[in-house]
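Working notes for the structure below.
Throughout, read-outs are computed from the coordinates displayed, never taken from laboratory work. Here the structure is a predicted model, which is why all the values come from computation and not from measurement. In this analysis, Cβ positions are derived from the backbone assuming ideal geometry, glycine residues included, and neighbour counts consider all displayed protein chains.
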Amino acid sequence: LIKACIFDLDGVLVDTAVYHYMAWKRLALELGFDFTQEQNEGLKGISRMQSLEILLAEGGLVFDEAAKLKLADKKNRWYCEYIEKMTADEILPGAASLLKELKSNGIKTALGSASKNAETILRNTNLLSQFDAIVDGNNITKAKPDPQVFLLAASQLKVKPEECVVFEDARAGIAAAVKAGMHSVGIGNPAWLNQADIVVPALKDISIDTLNNLFHT
Ligand code: B16
Ligand code: MG
């Protein structure tokens, strides 16, 4: 029986990947190399420091820890400038209505994101009140594919892992859901998200009826 739905943020509820990309590209250009949209795909769902490591490797640059923290901080300040201007218009199709539908059917909702900026984004897009629990980059020590983020969300909602469905656009996120012992809905490319129970193009393609049929909510 399904009692809760746990949502990834970036790429599932909102498209902040475009802002991450703008900030990472700005940093790369400042450091003297280009960073393509394709290279940015590899950063989805990955933590800020891990993303920086990948970016610097692409540019063939090596920095010490203190310098890396400064670079990550610089990127984050630019990123925060971009997300400060976000509005509810940037909620991805179907996300707001699915959250409301779940609530009215007594299904609990949680956020399970790697981002340390999750609350700002939820506040600016008016989604904050839609969640019974928020677990983000500030509450976890292990990044996806580790299941920690989703297990913590389940324990805050007081439900068992097998009673949860995770919505994720990142391969590492689906792997985390599987390791947590949860059901999963992949958002995006079925070939890439092949560990998910089902893959749909967007949240607008999922209704409570689909969830009922699949997972017996
Ligand atoms: P921040 P998610 C992830 O969010 C993003 O997909 C990833 O690109 C980003 O590096 C990570 O959050 C950390 O974000 O720098 O804001 O702490 O998909 O897990 O919601
Ligand atoms: Mg994501």
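Toward the positive end of the charge dipole of segment 63-213, with +1 on the Cβ of Lys and Arg and -1 on the Cβ of Asp and Glu, the farthest Cα among 207, 159, 99 is that of 159. Across the chain, the longest piece that holds none of the chymotrypsin sites (Phe, Trp or Tyr not before Pro) lying in DSSP loops with up to 15 other C-beta atoms within 10 Å covers 64-191. Which is the longest run of the chain containing none of the trypsin sites (Lys or Arg not before Pro) found in DSSP loop states (not H, G, I, E, B) with at most 13 other C-beta atoms within 10 Å? It runs 1-84.
What FRET efficiency, computed as 1/(1 + (r/R0)^6) with R0 = 35 Å and r the Cβ-Cβ distance, is obtained for residue 34 and residue 210, rounded to the nearest 0.05? Plugging the Cβ-Cβ distance into 1/(1 + (r/R0)^6) gives 0.25. Each semi-axis of the equivalent ellipsoid for the chain is √(5λ) with λ an eigenvalue of the Cα gyration tensor; in descending order they amount to 30, 17, 16 Å.
Here the simple spin-label model places points 7 Å from the Cα toward Cβ, and for residue 172 and residue 120 these points are separated by 2.0 nm. Remark: spin-label model distance residue 88-residue 70 equals 4.3 nm, labels positioned 7 Å along the Cα→Cβ axis. As an exercise, use a Förster radius of 35 Å and the Cβ-Cβ distance of residue 49 and residue 100 to find the FRET efficiency, rounded to the nearest 0.05. The computed FRET efficiency comes out at 0.50. Over all other residues within a Cβ to Cβ distance under 13 Å of residue 187, the charged ones net out to -4, with Lys and Arg as +1 and Asp and Glu as -1.
What helices does the chain have that are whole DSSP H segments, at least 15 Å long along their own axis by Cα, and with mean Kyte-Doolittle hydropathy of -0.5 or more? The answer, listed by residue number, is 17-31, 48-59. Note on the chain: dipole from Cβ charges, positive end direction compared against 130, 86, 40; the farthest Cα belongs to 130. In a simple Cβ point-charge model (Lys, Arg +1; Asp, Glu -1; nothing else charged), segment 34-134 has a dipole of about 380 debye relative to its Cα centre.
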